[in-house]
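Notes follow once the structure below has been shown.
The values are calculated or read from the model by the stated rules, or taken from the named source; none is laboratory data. Keep in mind it's a predicted model, so treat the numbers as computed, not measured. Neighbour counts are summed over all protein chains in view; Cβ atoms, including those assigned to glycine, are modelled from backbone coordinates with ideal geometry. Just the protein is used for accessible areas: all its heavy atoms, side chains included, with ligands, DNA and RNA removed. Shrake-Rupley method; radii C 1.70, N 1.55, O 1.52, S 1.80 Å.
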Amino acid sequence: MEENSLIQAANRIASTQGLVAFTGAGISEESGIPTFRGNGGLWDRYPPERFANMAGLLGEFFLRPKRVATFLQEILRSCLDAQPNPAHVALAQWEAQGILRAVLTQNIDTLHERAGCSKIIKLHGSIDCLRCTDCGFKQDLDATQMQRWVQVLSPDGIGRRQLWRALRKILSPCPYCGGRRRPDVVFFGDLLPPDAWAEAQQAASLCQILLVIGTSGLVRPAADLPLLAKKAGTILIEINPKPTPLTPLADLYLEGKASEVMKELVERVDSIRR
Ligand code: OAD
């Protein structure tokens, strides 16, 4: 990590009340949640054309039910087992200090809220929520309910019929209208939740600094947010161990893992503000 960029980033962050963070899977990687792309990533093992959309998943359900159960169980279990890491905690600390205005996240894990952030805009939904496809009623789920899902999805010896039963248990009818429910997460081809998208666009274009952490910047429309911020004159700071398509736009690129860079930044910001 280049010392000079780190100093400049710390100076800018220490003197703002207008920081917004835009996060992707990389921020949760050190908490044990796999990223999507790259070697060993989720989409490397479960091709997105078959696992990241409803039609593909339905096909897999018929052809490879055990694989579907393994996929769903892995996502649920990794989110349930993970704990916030120093990068999530640092953002919560900056929120409490009045530096950070909001976190715009593509992540469906719940690590930002569990770290103590309160202003979170979830662009791709949340693993701990079910949504009725008829009336729109949303129900948050607790860890115990999700643990039960992990158990019913046990891939050992699971066939089509058992998977169907498990999914019916998980996606029970809406308690209000009896309608069909689905996880409140965005699949490929779905629109982003309109309110979240509008709020995110506003936050990105009105902030002073957009801190982009751990995203490949490949998935639109979320990946348009840094472009929008840049057009509005915002300072872009990127944290990522590898350059991304967003790096050429960044005013400061801090090469490294999210928790390592954020720990350094927090120390420096604290000492400047003291
Ligand atoms: P990706 O898996 O595409 O990218 C993860 C990024 O994190 C890469 O740029 C890595 O270099 C970086 N990274 C890895 N380890 C890191 C670490 N310890 N610290 C910081 N950065 C690290 O994940 P996203 O960009 O979040 O959408 O993917 C965007 C969307 O694509 C996801 O929300 C999901 C996926 O398909 C949907 O499913 C709709």
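Could you grab me the full set of residues in region 26-46 that are of a type in the set (Gly, Ala, Ser) and either more than 8 Å from the ligand (Cβ to nearest atom) or over 12 Å from residue 257 (Cα atoms) (or both)? 28, 31, 32, 38, 40, 41 - these are the residues of region 26-46 that are of a type in the set (Gly, Ala, Ser) and either more than 8 Å from the ligand (Cβ to nearest atom) or over 12 Å from residue 257 (Cα atoms) (or both). Evaluated against (1) surrounded by fewer than 15 Cβ atoms within 10 Å (Cβ to Cβ); (2) within 13 Å of the ligand (Cβ to nearest atom); (3) polar (S, T, N, Q), residue 83 falls short on exactly one condition, (2).
The set of residues in region 90-132 that are aliphatic (A, V, I, L, M), within 14 Å of the ligand (Cβ to nearest atom) and farther than 18 Å from residue 208 by Cα comprises 90, 108, 111, 123, 127. Of the listed requirements (1) surrounded by fewer than 22 Cβ atoms within 10 Å (Cβ to Cβ); (2) among the acidic types (Asp, Glu); (3) within 11 Å of the ligand (Cβ to nearest atom), residue 238 misses just one: (1). Those strands (runs of 3 or more DSSP E) of region 96-168 in which at least 2 residues are open to solvent by 70 Å² or more (accessible area, probe 1.4 Å), considering only elements entirely within it, cover 138-140. Annotation note: Cβ proximity below 7 Å between a residue of region 258-274 that is farther than 15 Å from residue 98 by Cβ and in the same structural domain as residue 29 (by TED's automatic domain parsing) and a residue that is modelled with pLDDT of 95 or more and of a type in the set (Lys, Arg) (sequence gap 6+ or interchain) occurs for no pair. Right, residue 95: acidic (Asp, Glu) and closer than 30 Å to residue 272 by Cβ or not? Considered against the rule, which asks whether it is acidic (Asp, Glu) and closer than 30 Å to residue 272 by Cβ, residue 95 comes out as yes. Does region 187-206 include one or more residues that are at pLDDT below 85 and surrounded by fewer than 19 Cβ atoms within 10 Å (Cβ to Cβ)? No, every residue in region 187-206 fails to be at pLDDT below 85 and surrounded by fewer than 19 Cβ atoms within 10 Å (Cβ to Cβ). Which numbered condition trips up residue 265, out of (1) open to solvent by 10 Å² or more (accessible area, probe 1.4 Å); (2) within 16 Å of the ligand (Cβ to nearest atom); (3) more than 18 Å from residue 107 (Cα to Cα)? Unmet for residue 265, out of (1) open to solvent by 10 Å² or more (accessible area, probe 1.4 Å); (2) within 16 Å of the ligand (Cβ to nearest atom); (3) more than 18 Å from residue 107 (Cα to Cα): (1).
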